[in-house]
């Protein structure tokens with residue numbers, strides 16, 4: 001039996017610090033369902049998703065009951081639809097989006113990802129059709145999530161695709177104007193998209209992944225915050241290195257819980273176990289915020305000087321703890337800073353401590369990127385493209401994943417509030433300074449891949 | 001050789017285990033398992049030992065008692081009997097914790113409940129510090145008994161005594177406190 005201290009430490013982590021399994025994500029290959037006849041394709045894809053994913057609900061409930069750890073979301077990620085549906089036009093793709101929505105509902109999963117295109121070097125006819133279908137697909141469905149990989153370290157940045165996506169974002173927002181442009185919350189644009197990410201909106205089942213695979217997303221910003229606070233109160237802290245050690249050992253414990261649950265769910269549903277992704281993914285709930293971790297580290301005004309260094313240390317320590325905990329660590333594995341989904345970050349924006357420029361700097365040292373950023377509704381497509389280019393450039397040059405989830409909120413201006421509801425939260429609308437780079441952006445084309453040697 | 005299980009209780013001092021071990025070695029015995037603890041200044045020891053067939057229970061007890069002062073050691077010796085097959089059950093291990101203000105009858109009610117649900121106690125610690133009661137129990141929940149149901153029933157019991165009750169599967173503690181791969185835990189269970 002473990003000692004008293006370890007036992008109560010573990011119990012506290014589970015009970016009072018919001019440790020949960022954020023997402024059990026089942027990757028399902030649907031290439032075998034392709035068909036020239038759209039009705040047949042929809043039927044086959046839907047049948048396969050429902051067949052493979054239906055056991056998830058029971059399995060998650062059983063494992064969750066056994067361990068007393070809640071599984072918050074069940075999700076499905078499928079093969080990139082632009083490739084699966086090659087040869088089909090925009091209308092067919094919208095029809096498929098509806099079929100996916102119904103399949104997700106029938107299988108009892110919260111979201112389905114993989115309505116995706118990989119266009120880092122160029123767009124095929126099918127990729128273009130999928131991107132063109134996004135406004136209709138995302139405004140007419142509730143559970144379908146989309147992603148586009150528009151850049152990579154090996155290929156550079158596809159500016160042409162980003163120009164198109166700038167216009168598409170505005171259109172999605174317009175079609176979901178009554179919900180503050182909510183449709184855009186379901187579209188992530190990536191550089192170096194991971195093939196095994198369990199978090200939405202960017203989850204899709206990579207080409208190199210098995211037939212069916214379980215990827216687990218564990219979170220726990222509350223656990224990390226509490227560990228830092230307790231350690232600082234104990235009077236044992238002799239420097240930031242000690243704080244990093246605390247984060248690391250906490251990340252170890254959280255990752256191990258995720259792997260334990262993931263392996264059992266995978267066995268129960270007869271899928272391979274893929275990866276566990278420990279990402280500090282906040283929710284709007286108090287005690288479940290990455291912003292609160294900064295505060296626990298001593299940064300009162302999140303976004304002030306020191307925030308980037310704190311985030312770099314946090315992200316690195318989370319990765320180190322996770323990597324030691326399991327050889328099956330993958331996905332994004334780090335700290336997320338989705339503004340609308342994190343009450344403290346949203347508050348820092350409201351107070352003016354956290355700006356778009358600072359957020360961009362912070363994303364150079366953490367997971368994801370400019371995530372869940374509410375922008376003025378009249379932000380031009382070119383400015384949206386330019387923001388995405390900046391963010392993806394950080395990923396491309398630093399050989400890491402970055403992404404943007406930008407929401408131009410129709411009819412609202414900087415400082416007003418956008419409300420997305422549920423886990424998507426709410427946030428003040430961020431202002432954009434100096435948005436005069438249209439001439440640069442509209443040249444289009446592709447920014448070449450960066451040199452990966454001579455990197456001193 | 002014959003197997004015996006013996007217990008020794010005494011006020012704690014340096015050298016008790018040495019005294020017991022040398023008494024058993026003097027009988028040409030071989031110790032196979034030992035578990036020892038000290039609580040509130042009192043020492044208890046449980047030992048599994050193999051001794052030559054000709055040695056009697058009385059001889060073993062007296063050999064140990066002679067190593068201590070007069071009446072110092074309280075010794076019990078029993079021939080070892082294997083657990084009957086009928087009592088061996090498939091079960092999963094859980095850790096139960098109860099924490100809260102100390103009151104009479106907590107242990108009695110909790111263990112009464114566990115026995116009623118056919119849940120065996122494998123390891124048990126409890127203490128009171130500054131009026132706060134802490135109980136940590138390792139239990140085996142047999143197959144067919146729903147752990148989640150047990151969890152909620154124990155929580156109701158906790159409410160009655162104003163205690164915080166948690167029931168967690170052993171694998172969670174092992175996964176979070178040991179460095180061995182998680183897949184080993186799965187294979188084992």
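The values are calculated or read from the model by the stated rules, or taken from the named source; none is laboratory data. Note that the structure is predicted; figures quoted are calculated from it, not measured. All Cβ positions, even for glycine, are placed from backbone atoms using ideal geometry, and neighbour counts span all protein chains on display.
Listed values, structure above:
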quantity	calculated
Residue tally, condition out of contact with any helix residue (DSSP H, G or I) (no Cβ under 7 Å at 6 or more places or on another chain) and either modelled with pLDDT under 90 or buried (at least 21 other Cβ atoms within 10 Å of the Cβ) (or both), over the range A:247-288	10
Some residue of the range A:269-279 being within 14 Å of chain B (Cβ to nearest Cβ), over 20 Å from residue A:366 (Cβ atoms), in a helix (DSSP H, G or I) and touching a residue at least 60 places away in the same chain (Cβ under 8 Å)	no
The range A:65-92, subset outside any strand (DSSP E or B) and within 23 Å of the chain's Cα centre (by Cα), residue surrounded by the fewest Cβ atoms within 10 Å (Cβ to Cβ)	A:70
For residue A:20: the one exception among (1) touching a helix residue (DSSP H, G or I) at 6+ places or on another chain (Cβ under 7 Å); (2) within 14 Å of chain B (Cβ to nearest Cβ)	(1)
Residue count for the range A:321-356, restricted to those that are buried (at least 24 other Cβ atoms within 10 Å of the Cβ), more than 14 Å from chain B (Cβ to nearest Cβ) and in a helix (DSSP H, G or I)	4
Single residue of the range B:154-189 satisfying the filter (surrounded by 16 or more Cβ atoms within 10 Å (Cβ to Cβ), out of contact with any strand residue (DSSP E or B) (no Cβ under 6 Å at 6 or more places or on another chain) and more than 9 Å from chain A (Cβ to nearest Cβ)) that is modelled with the lowest pLDDT	B:161
Selected residue (criterion: farthest from the other protein chains (Cβ to nearest Cβ)) from residues of the range A:219-245 that are farther than 17 Å from residue A:336 by Cα, buried (at least 21 other Cβ atoms within 10 Å of the Cβ) and touching a residue at least 40 places away in the same chain (Cβ under 8 Å)	A:243
Tally of residues being away from chain A (no Cβ under 13 Å), in a strand (DSSP E or B) and surrounded by 18 or more Cβ atoms within 10 Å (Cβ to Cβ) across the range B:86-145	1
Single match in A:415, A:411 (criterion: touching a residue at least 40 places away in the same chain (Cβ under 8 Å), surrounded by fewer than 24 Cβ atoms within 10 Å (Cβ to Cβ) and not in a helix (DSSP H, G or I))	A:411
Qualifying residue in the range A:23-34 (condition: surrounded by 19 or more Cβ atoms within 10 Å (Cβ to Cβ), within 14 Å of chain B (Cβ to nearest Cβ), closer than 17 Å to residue A:269 by Cα and within 22 Å of the chain's Cα centre (by Cα))	no
Yes/no for residue B:151 being facing chain A (nearest Cβ under 9 Å), closer than 28 Å to residue A:61 by Cβ, crowded, with 16+ Cβ neighbours inside 10 Å and free of Cβ contacts under 8 Å to residues at least 12 places away in the same chain	no
Among residues of the range A:155-189, those that are surrounded by fewer than 24 Cβ atoms within 10 Å (Cβ to Cβ) and either in a strand (DSSP E or B) or at pLDDT below 95 (or both), counted	1
